[in-house]
Every structure is written in structure tokens, then in C-alpha cells.
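Only one structure is covered here, and it is reproduced in the block below.
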Amino acid sequence: MKIARFSTDGDPRFGVLDDDDLVVLAGDPMFHGFETTGERVPLAQATILAPVIPRSKVICVGMNYAAHRKEMGHEGPSTPLIFLKPNTAVVGPGDPIIIPPVEGRIVHEGELALVIGKVAKRVKKEDWRDVVFGVTIANDVSARDVMFADGQWARAKGYDTFCPLGPFIDTEIDPTALEIETHVDGELRRKGNTRDLLHGIPELIEFITDVWTLLPGDVILTGTPDGLGSFVDGQTVDITIEGLGTLSNPAKNRDDRDY
């Protein structure tokens with residue numbers, strides 16, 4: 001089942017994708033279930049929004065593919081390397097990634113994202129499915145040179161618009177062996193498969209929920225495969241995950257960036 005958060009008149013609603021229509025739900029399915037209103041909205045008439053706005057946090061996992069670790073020249077810890085993005089970084093499909101006036105590369109990182117469906121604390125890895133509502137596509141946009149200049153990643157990863165999500169949440173797909181590809185203006189830049197995660201989804205859920213209590217709507221970005229990652233004003237980043245569709249976002253310089 002694919003769930004969309006969408007609008008037709010400015011007010012967000014939720015719907016279940018059914019061929020070329022959205023079957024409108026009575027409320028947020030994470031809290032109100034899948035009761036429908038009887039209304040159908042043609043997908044072509046809907047503006048697809050970010051499928052979820054996390055209530056508290058976006059958790060990211062760094063260097064979770066072996067080839068990406070080698071590419072970064074960083075061995076990383078033996079445990080998952082986790083960090084946070086603010087929920088204000090989240091944007092939806094088609095929204096522009098706004099490039100701030102900072103030196104160096106702005107990098108795309110196409111990733112599988114887990115959407116948490118209930119309060120989760122100290123979850124055992126064998127119970128991970130109990131707390132995951134579904135999965136979607138994410139772009140962990142990063143100001144790469146700012147990461148190294150600052151010595152930590154909060155600013156480089158946390159700018160407004162640096163966390164595109166969407167287009168849908170899939171509640172049924174098996175996320176453990178999905179192909180991921182990232183293209184910039186049609187050119188393949190990154191390619192991988194979630195079967196190659198160094199720390200798999202069950203381990204991530206167990207590790208992260210031992211650190212932080214997760215709330216419904218929180219999102220975990222599971223890591224990016226290796227590949228050339230930078231993009232500039234005017235280009236479009238497309239991230240495709242097998243069975244989930246494509247998340248597409250154009251890049252645009254912020255109004256105070258003149259280079």
C-alpha cells in the first residue's frame with residue numbers, strides 16, 4: 001500500500017494510491033487508520049507533498065555502505081554512525097533544494113528512509129517491523145566541504161531544504177534488497193542495493209532506539225551508496241528506489257548566493 005500526503009487547495013490530506021487516483025483517507029493513517037471518505041482525487045490534480053513531517057527528528061546513518069566509506073577515506077566506528085537533521089530541513093517532491101552561500105560542493109545522497117509508526121524505545125532487532133510504519137525515499141543533501149571545515153555535520157547537513165522526502169510511503173514492501181539509483185540531469189551518479197547495508201535495518205532500529213526514543217513520524221535515513229555526488233544550480237536530482245518510485249528535486253541558488 002502506498003500512502004501519499006497531498007493537497008488540492010492548500011490543506012494537506014492523505015490518500016492511498018490506486019492506479020491513477022488517490023483514495024482519500026479520513027485522517028493521518030499513522031494515528032487514525034485507513035478509513036476512507038469515499039472521495040477519489042486524480043493523481044494528476046494533486047500536489048504531492050513530503051509524505052511525513054517528523055514530529056521531532058530525522059536520524060541519519062553515515063557511511064553505511066562499504067564502498068562509500070572507502071570513497072570518504074574514513075573507516076568509521078564499528079557501531080552505526082548516527083546524527084540528526086532538523087525537521088525543518090524536510091521538503092517534498094518537486095520542491096527546490098536551495099543552495100546556500102557556502103564554499104565547496106553540495107552533494108546528493110540518495111537513501112532508503114524508514115518512517116516510524118509508534119513510540120519506540122529499546123526495541124529488539126527482531127521486533128523492528130513492529131515500529132516501522134513504512135518506507136520512502138530520501139535525499140540526505142550535504143554541504144560536503146562544510147562538513148570537513150566544521151569538524152561536525154550539523155550545519156552541513158541541516159540547512160533548510162536539505163532533506164527531500166517522498167513521493168509515497170509504502171507500508172508493505174520488503175526493504176531489505178532494493179536497488180537505489182541517483183541521477184543528476186539524467187546522468188547516473190550513484191547505484192547500490194539495500195542488501196549491502198553494513199548495518200541492516202533490524203540492527204539500526206535496535207541501536208538507535210537504545211539512544212533516542214522515536215516518535216510516530218520520525219524518519220531514519222539508512223545511508224547512501226558510493227558515487228559522484230555534487231550538483232549545482234539549475235540541475236535536477238532524481239533518486240529512484242525499486243518499487244518506491246522516484247523522488248525528484250531541482251536545485252536553486254539561494255537569493256544571496258551569487259556564484
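The values are calculated or read from the model by the stated rules, or taken from the named source; none is laboratory data. As the structure is a prediction and not an experimental result, all values here were calculated from the model. All Cβ positions, even for glycine, are placed from backbone atoms using ideal geometry, and neighbour counts span all protein chains on display. What goes into the accessible areas is simple: the full protein's heavy atoms, side chains included, and nothing from ligands, DNA or RNA. Shrake-Rupley method; radii C 1.70, N 1.55, O 1.52, S 1.80 Å.
Go through Ala26, Ala4, Ala44 for me and flag whichever is touching a residue at least 40 places away in the same chain (Cβ under 8 Å) and either open to solvent by 40 Å² or more (accessible area, probe 1.4 Å) or not acidic (Asp, Glu) (or both).
Every option except Ala4 fails the conditions.
Of all residue pairs spaced 6 or more apart or on separate chains, those with beta-carbon atoms under 6 Å, a first member in the range 139-154 that is within 15 Å of Gly223 (Cα to Cα) and a second member that is part of a helix (DSSP H, G or I) are Ser142/Ala156; Ser142/Lys157; Trp153/Met147.
Show the residue pairs that are 6+ apart or on different chains and have beta-carbon atoms under 6 Å apart, the first residue being within the range 93-122 and in contact (Cβ under 8 Å) with a residue 24 or more places away in the chain and more than 17 Å from Leu221 (Cα to Cα), the second being polar (S, T, N, Q) and surrounded by fewer than 16 Cβ atoms within 10 Å (Cβ to Cβ). Pairs that qualify, where the first residue is in contact (Cβ under 8 Å) with a residue 24 or more places away in the chain and more than 17 Å from Leu221 (Cα to Cα) and the partner is polar (S, T, N, Q) and surrounded by fewer than 16 Cβ atoms within 10 Å (Cβ to Cβ), are Arg105/Ser230; Lys121/Thr213. The criterion of being surrounded by 15 or more Cβ atoms within 10 Å (Cβ to Cβ), of a type in the set (A, V, I, L, M) and more than 13 Å from the chain's Cα centre (by Cα) does not hold for Ile180. For the range 138-159, filtered to residues that are of a type in the set (A, V, I, L, M, F, W, C) and open to solvent by less than 20 Å² (accessible area, probe 1.4 Å), the residue that is farthest from Leu112 (Cα to Cα) is Val146. With respect to the conditions (1) more than 15 Å from Asn139 (Cα to Cα); (2) touching a helix residue (DSSP H, G or I) at 6+ places or on another chain (Cβ under 8 Å), Cys163 falls short on a single one, namely (1). Kindly check whether there is at least one residue in the range 240-252 that is open to solvent by less than 40 Å² (accessible area, probe 1.4 Å), within 18 Å of the chain's Cα centre (by Cα) and of a type in the set (Val, Ile, Thr). Yes, the range 240-252 contains a residue that is open to solvent by less than 40 Å² (accessible area, probe 1.4 Å), within 18 Å of the chain's Cα centre (by Cα) and of a type in the set (Val, Ile, Thr).
Taking the range 72-191 and the strands (runs of 3 or more DSSP E) fully enclosed by it, the elements with 2 or more residues that are at pLDDT 95 or above and not β-branched (Val, Ile, Thr) are at 81-85, 110-116, 132-139, 163-170, 179-184. Do we have any residue at all in the range 116-137 that's open to solvent by less than 20 Å² (accessible area, probe 1.4 Å) and among the charged types (D, E, K, R)? Within the range 116-137, not a single residue is open to solvent by less than 20 Å² (accessible area, probe 1.4 Å) and among the charged types (D, E, K, R). Checked against (1) touching a residue at least 40 places away in the same chain (Cβ under 8 Å); (2) of a type outside the set (A, V, I, L, M, F, W, C); (3) farther than 24 Å from Met1 by Cβ, Asp218 passes all but a single condition, namely (3).
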